[in-house]
Amino acid sequence: MKLPIYLDYSATTPADSRVAEKMAACMTIDGDFGNPASRSHVFGWKSDELVSEARQHVAALINADPKEIVWTSGATESDNLAIKGAAHFYQRKGKHIITCKTEHKAVLDTCRQLEREGFEVTYLEPEESGLVDLAKLEAAMREDTVLVSIMHVNNEIGVIQDIAAIGKLCRSRGIIFHVDAAQSAGKVEIDLANLDVDLMSFSAHKIYGPKGIGALYVQRKPRVRIEAQMHGGGHERGMRSGTLAVHQIVGMGEAFRIAKEDMAEENARILALRNRLWEGLKGMEEVYLNGDIEHHVAGNLNVSFNFVEGESLIMALKDIAVSSGSACTSASLEPSYVLRAIGRNDELAHSSIRFSIGRFTTEEEIDYTIQLVKSKVAKLRDLSPLWEMYQDGIDLNSVQWAAH
Amino acid sequence: MAYSEKLMDHYENPRNVGSMDKKDTTVGTGMVGAPACGDVMKLQIKVNEEGVIEDARFKTYGCGSAIASSSLLTEWVKGKTLDEASEIKNSQIADELALPPVKVHCSVLAEDAIKAAIDDFKSKQTAESEV
């Protein structure tokens with residue numbers, strides 16, 4: 001077993017070696033390096049063929065038409081293109097957008113930008129489970145609502161939103177529905193032919209493809225219109241100009257092809273590892289699972305270890321690569337906005353660790369992780385005045401803290 | 001973020017971890033910070049009749065820099081008089097541990113903790129003499 005152990009697959013994944021191989025064949029003079037927009041010679045034709053093959057692989061995983069796939073630089077760009085693109089195109093119909101407080105920053109910050117441009121945005125409060133309540137969503141819909149943006153799988157707490165139901169609701173009101181699926185493609189079944197989703201964002205590097213490439217699904221029937229954000233040569237049917245990054249696209253295509261082939265088997269294996277990890281940890285005192293476990297992506301486990309501060313725990317766990325919900329890298333020490341939004345108190349929000357399991361995780365690594373976490377949490381609790389107070393039966397909420 | 005060797009040493013092998021009896025009149029307790037901010041530091045000092053800090057103990061909930069700052073502080077205050085201990089500045093702690101700028105607040109918290117512990121001890125003494 002090699003240390004450190006990588007358990008941060010939600011942040012990024014290593015490229016599958018089959019992906020890297022295909023990509024390398026599109027770079028040099030001996031390979032297929034041509035510009036797919038070159039119509040006058042075989043170099044261009046060959047690259048164009050590779051791009052269209054990749055487009056088919058991506059479309060196949062999500063049961064879409066290849067013509068509905070627009071290449072972008074990643075899910076962040078896809079979110080920007082979808083939200084700004086749809087908002088701008090349909091702004092004469094209305095200027096109200098609905099999203100959720102636990103969305104990725106690529107969605108939240110894009111909405112903030114639209115607010116500066118005069119749009120109005122409703123940020124829904126999720127339930128404690130992390131899920132969006134349909135009745136609350138419906139209540140937030142107005143005559144002038146043009147767009148709803150809700151992610152499929154949350155990047156921090158792994159909960160899966162009911163995009164089928166949300167889609168139906170949006171469709172019945174004639175509202176465009178965008179879904180950020182960066183964390184769900186290849187992990188959760190996506191059947192776009194039977195979902196009322198108009199726009200969906202994808203990333204390659206979350207499913208063993210390369211970084212720097214993603215896609216936006218733009219539905220054709222019924223047709224959804226978006227305004228381009230990047231202007232130029234009119235690539236991707238005018239929706240996203242710029243020479244196609246053939247090696248990246250080929251890598252993404254291969255990653256999606258492998259995902260379609262292996263998804264069922266891989267999910268079962270990863271789920272077993274996730275359950276093994278939780279079984280190993282849940283017996284500890286004062287540990288809390290974040291996010292509804294029934295509607296949960298297989299590879300994610302987000303746990304709060306009460307009375308232990310997340311950053312010090314990550315330092316203690318240097319043999320495993322995980323991430324903390326508490327982004328306390330700035331003087332403001334903001335705890336995770338996602339955990340705060342689902343109603344976790346400050347201590348729990350500051351104490352969270354996200355474990356994310358993937359293709360190359362082994363049982364041995366999980367067992368090592370369980371032992372390491374148990375011993376380091378115990379060590380830090382011995383150091384923690386809050387743990388001592390808890391042991392003495394003091395209610396921490398009754399203490400007058402001197403906030404600084 | 002790269003941390004200094006000294007910081008890592010204090011974090012991995014913290015000195016003087018523990019608690020003393022809060023009610024003991026020779027013990028001063030300083031508890032600063034708040035869970036909401038992600039840092040709570042508890043520092044206790046035991047003071048002898050000459051006004052010298054004989055022993056010090058700490059417990060800290062917080063990041064590695066906060067733990068290291070309080071561990072270092074307990075080492076520094078031992079053997080010092082209350083006046084000497086109250087002169088310890090956060091910048092000395094920050095320099096010794098080479099704290100990165102975003103972690104300087106951890107050393108400020110440590111300075112607050114020793115001041116609070118000294119105040120607590122002194123108020124106990126005044127209360128005693130009034131009896």
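FYI, it's all coordinate maths here, none of it is from the lab. Just so it is clear, the model here is predicted, and its values are computed rather than measured. Methodologically, a virtual Cβ is constructed for each residue, glycine included, from the backbone with ideal geometry; neighbour enumeration extends over all protein chains shown.
Note on the range B:80-131: Cα Rg divided by 2.2 N^0.38 Å, N the number of residues, gives 1.42. Taking Cα atoms only, the orientation of helix B:104-130 departs from the longest principal axis of chain B by about 10 degrees. All Cα-Cα separations within chain B were binned at 5 Å from zero, giving a P(r) of 2, 12, 23, 24, 18, 11, 6, 3, 1, 0, 0, each value a whole percent of the pairs.
Span-like helix criteria (full DSSP H runs; alpha carbon extent of at least 18 Å along the helix axis; mean Kyte-Doolittle hydropathy of at least -0.5) are satisfied in chain A by A:42-61, A:75-89, A:246-281, A:363-383. When only Cα pairs below 8 angstrom with a gap of at least 6 residues are kept, the range B:1-111 shows a relative contact order of 28 percent.
For a Förster distance of 45 Å, can you work out the FRET efficiency between the beta-carbons of A:E364 and A:N194, rounded to the nearest 0.05? E between A:E364 and A:N194, to the nearest 0.05, is 0.65.
Note down the magnitude of the dipole of the range A:199-350 about its Cα centre, charges +1 on Lys and Arg C-beta and -1 on Asp and Glu C-beta and zero elsewhere, to the nearest 20 debye. Show your work: numbers first, answer last.
Details: 17 positive and 18 negative charges, 214 e Å.
Value, rounded to 20: 1020 debye.
Both the radius of gyration and Dmax for the range A:103-220 are 14.1, 42 Å, in that order, over alpha-carbon atoms. Other protein chain C-beta atoms within 10 Å of residue C-beta, averaged over B:59-71: 6.
Compare A:A20, A:A341, A:A140 in a GNM of chain A, Cα atoms joined below 10 Å, and give the one with the largest fluctuation. The residue that fluctuates most here is A:A140. When the Cα atoms of the range A:331-404 are aligned to their principal axes, the ranges along those axes come out at 47, 29, 23 Å in descending order. Between A:K379 and A:K168, the contour length at 0.36 nm per residue exceeds the Cα-Cα span by 70.9 nm. Pairwise Cα separations in the range A:55-143 fall into 5 Å bins from 0 onward with the following percentages, short to long: 3, 12, 18, 19, 18, 16, 11, 2. Its alpha carbons give the range A:252-404 an Rg and a Dmax of 17.2, 57 Å.
Answer rounded, prolate or oblate for the range A:1-150, using the Cα gyration tensor with square roots of eigenvalues a ≥ b ≥ c: rounded when a/c is under 1.5, else prolate when a/b is larger than b/c, else oblate. It is oblate, given that a/c is not under 1.5 and a/b is not larger than b/c.
Neighbour counts of other Cβ atoms within 10 Å put B:E87, A:E309, A:E103 in the fewest-to-most order B:E87, A:E103, A:E309.
Projected onto their three principal axes, the Cα atoms of the protein assembly as shown cover extents of 95, 56, 42 Å, largest first. Placing unit charges on each Cβ (+1 for Lys and Arg, -1 for Asp and Glu) gives the range A:329-403 a dipole about its Cα centre, and among A:S398, A:T369, A:L380 the Cα reaching farthest toward its positive end belongs to A:T369. Could I have the simple spin-label model distance between A:S52 and A:N275, label points 7 Å from Cα toward Cβ, reported in nm to one decimal? With each label placed 7 Å out from Cα toward Cβ, I get 4.5 nm.
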